[in-house]
Amino acid sequence: MIEFFEVHKAYPVGQKQVTALHPTSFKIPTGQIYGLIGHSGAGKSTLLRLINRLEEPSSGRIEVDGEDITLLDANGLRGFRRQVGMIFQHFNLLSSKTVAENVALPLQLAGELSRKVIQNKVAALLQRVGLQDHANKYPAQLSGGQKQRVGIARALSTDPKILLCDEATSALDPQTTGQVLQLLAEINKELGLTLVLITHEMDVIRRICDQVAVLDAGVIVEQGRVADVFLHPQHPTTRRFVYEAEQVDENQLHQDFDQVQGRILRLTFQGQSTYEPLLGRVARETGVDFTLLAGRIDRIRDVPYGQLTVAFNGGELEQAMQLLQQADVHVEALR
Ligand code: ADP
């Protein structure tokens, strides 16, 4: 539904042009939660803001539902922007207006609905984001999580089909982050809305995204289903994000490798195999001994996974690896 064709963006800085996004082609399917991850300066905001033409591409074409949005005139762009909501890291609420007035603003600016209809719509939106009791408060009277809920209600007021999220949880504490991400996931499901979110945290991607693209210096260096990218990162930048999320110190881990004998394997379990008592069974049947060096059991969206770094010693190693693979465990030799 959102498709980039060789989209390039450079900013003029003095006499020079600084490239923020090298020619990039990729697709975001309708109804997905699509994450863009990268370090500061990687080009995430630029890419996100190209989708609603807050930034104009230097070259290339962007299509939304088959329509080339780079060709829209001012009138067409106004209509298009109503189909694209946006939420921001620092919420961007008007401090002099109440919660209800902030949410009503895009509808008042559109000028198409009566006051009564707007009032009803705002009440329903506030109910949806759990702020029905805060309609007459001012932003300064709200917590960060509540402010972002106002931001979400406001973004939804024009019934958009795309929601752009610009580091929407980066200013929030971990618990509030979880609640806001859950709300976004619910909205995606209920409304079939396409969500594009940018973040510098792999955990945000892991919790709610279907697909992810990793941006590094204006280039998408890796992309795919979150489970594939998260569990088997290929590019060094992606690996750094994953290790950071898993709180793994790669150097420390390699020092641990020197302390053990035998083959070192990384075993990845997903879905049902996460619950199987496999390691003990394989050890008994093949006579291998094992040492656990690192591990994590968690979820990617709703699917449980486990990833263990294990040293196997003695016994029938090949047979052990075969048994694991037969049980749908992904086996990767690290040493
Ligand atoms: P991110 O969102 O990943 O931090 P940005 O898209 O903001 O990255 O920036 C990508 C690159 O483009 C950076 O080098 C940044 O300095 C540059 N850049 C962004 N906006 C502008 C601008 N308005 N003028 C000049 N350079 C810019």
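Would you confirm whether any residue within the range 193-214 is among the acidic types (Asp, Glu) and either out of contact with any helix residue (DSSP H, G or I) (no Cβ under 8 Å at 6 or more places or on another chain) or farther than 25 Å from residue 153 by Cα (or both)? Reasoning before the result, please.
If we filter the range 193-214 for residues that are among the acidic types (Asp, Glu), which is where we start, we get 201, 203, 210.
Now drop any that are not either out of contact with any helix residue (DSSP H, G or I) (no Cβ under 8 Å at 6 or more places or on another chain) or farther than 25 Å from residue 153 by Cα (or both), which leaves none.
Taking every residue of the range 193-214 in turn, none turns out to be among the acidic types (Asp, Glu) and either out of contact with any helix residue (DSSP H, G or I) (no Cβ under 8 Å at 6 or more places or on another chain) or farther than 25 Å from residue 153 by Cα (or both).
Output the residues belonging to the range 89-109 that are closer than 23 Å to residue 132 by Cβ, surrounded by 13 or more Cβ atoms within 10 Å (Cβ to Cβ) and not β-branched (Val, Ile, Thr).
Within the range 89-109, 91, 92, 93, 97, 100, 101, 102, 104, 105, 106, 107, 108 qualify.
Might you check whether a residue that is touching a strand residue (DSSP E or B) at 6+ places or on another chain (Cβ under 9 Å), among the basic types (Lys, Arg), in a helix (DSSP H, G or I) and under 12 Å from residue 300 (Cβ atoms) occurs anywhere in the range 218-226? Break it down into steps so the answer makes sense when it comes.
Here is the first cut: in the range 218-226, the residues touching a strand residue (DSSP E or B) at 6+ places or on another chain (Cβ under 9 Å) are 218-226.
Remaining after also requiring among the basic types (Lys, Arg): 225.
Checking which are in a helix (DSSP H, G or I) leaves us with none.
Taking every residue of the range 218-226 in turn, none turns out to be touching a strand residue (DSSP E or B) at 6+ places or on another chain (Cβ under 9 Å), among the basic types (Lys, Arg), in a helix (DSSP H, G or I) and under 12 Å from residue 300 (Cβ atoms).
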Query raised in the report: Inside the range 93-160, counting only helices (runs of 4 or more DSSP H) that do not spill past its ends, which hold 1 or more residues that are closer than 23 Å to residue 83 by Cβ, charged (D, E, K, R) and not assigned by TED's automatic domain parsing to the domain that holds residue 189?
Result: none
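Against the condition under 17 Å from the mean Cα position of the chain (by Cα), in a helix (DSSP H, G or I) and at pLDDT 95 or above, how does residue 45 come out, does it pass? Show your work before the answer.
Numbers: under 17 Å from the mean Cα position of the chain (by Cα): yes; in a helix (DSSP H, G or I): yes; at pLDDT 95 or above: yes.
Against the criterion (under 17 Å from the mean Cα position of the chain (by Cα), in a helix (DSSP H, G or I) and at pLDDT 95 or above), residue 45 qualifies.
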Report task. Could you tell me whether the range 269-279 includes any residue that is assigned to a strand (DSSP E or B), of a type in the set (A, V, I, L, M) and touching a strand residue (DSSP E or B) at 6+ places or on another chain (Cβ under 8 Å)? Result -> no
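Determine, yes or no, whether residue 4 is more than 8 Å from the ligand (Cβ to nearest atom) and under 20 Å from residue 229 (Cα atoms).
On the way: more than 8 Å from the ligand (Cβ to nearest atom): yes; under 20 Å from residue 229 (Cα atoms): no.
No.
How about the range 286-303: which of its residues are surrounded by 15 or more Cβ atoms within 10 Å (Cβ to Cβ) and under 17 Å from residue 232 (Cβ atoms)? Can you show your working first?
To start, the set of residues in the range 286-303 that are surrounded by 15 or more Cβ atoms within 10 Å (Cβ to Cβ) comprises 286, 288, 290-291, 293-294, 298, 300.
Result: 294, 298, 300.
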**Report entry** Residue in the range 240-251 that is within 16 Å of the ligand (Cβ to nearest atom) and either closer than 25 Å to residue 7 by Cβ or touching a strand residue (DSSP E or B) at 6+ places or on another chain (Cβ under 9 Å) (or both) present
**Finding:** yes
Report summary line: The lone condition residue 283 fails out of (1) at pLDDT below 95; (2) in a helix (DSSP H, G or I); (3) among the aliphatic types (A, V, I, L, M); (4) surrounded by fewer than 18 Cβ atoms within 10 Å (Cβ to Cβ) is (1)
**Report entry** Residue that is nearest to the ligand (Cβ to nearest atom) [pool: residues in the range 19-73 that are free of Cβ contacts under 8 Å to residues at least 60 places away in the same chain, among the hydrophobic types (A, V, I, L, M, F, W, C) and surrounded by fewer than 17 Cβ atoms within 10 Å (Cβ to Cβ)]
**Finding:** 54
Requested in this report: Keeping to the range 239-259, report how many residues are surrounded by 15 or more Cβ atoms within 10 Å (Cβ to Cβ), in contact with a helix residue (DSSP H, G or I) (Cβ under 6 Å, 6 or more places away or on another chain) and not hydrophobic (A, V, I, L, M, F, W, C).
Outcome: 1
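Per-residue answers, yes or no, for (1) closer than 21 Å to residue 31 by Cα; (2) under 11 Å from the mean Cα position of the chain (by Cα); (3) crowded, with 22+ Cβ neighbours inside 10 Å; (4) more than 16 Å from the ligand (Cβ to nearest atom):
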{"residue": "165", "(1), (2), (3), (4)": "yes, yes, yes, no"}
{"residue": "168", "(1), (2), (3), (4)": "yes, yes, yes, no"}
{"residue": "176", "(1), (2), (3), (4)": "no, no, no, yes"}
{"residue": "196", "(1), (2), (3), (4)": "yes, yes, yes, no"}
{"residue": "213", "(1), (2), (3), (4)": "yes, yes, yes, no"}
{"residue": "217", "(1), (2), (3), (4)": "no, no, no, no"}
{"residue": "232", "(1), (2), (3), (4)": "no, no, no, yes"}
{"residue": "236", "(1), (2), (3), (4)": "no, no, no, yes"}
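The values are calculated or read from the model by the stated rules, or taken from the named source; none is laboratory data. Since this is a predicted model, take the numbers as computed values, not measurements. Because the Cβ atoms are built from the backbone with ideal geometry, glycine has one as well, and the counts that use them run over all protein chains shown.
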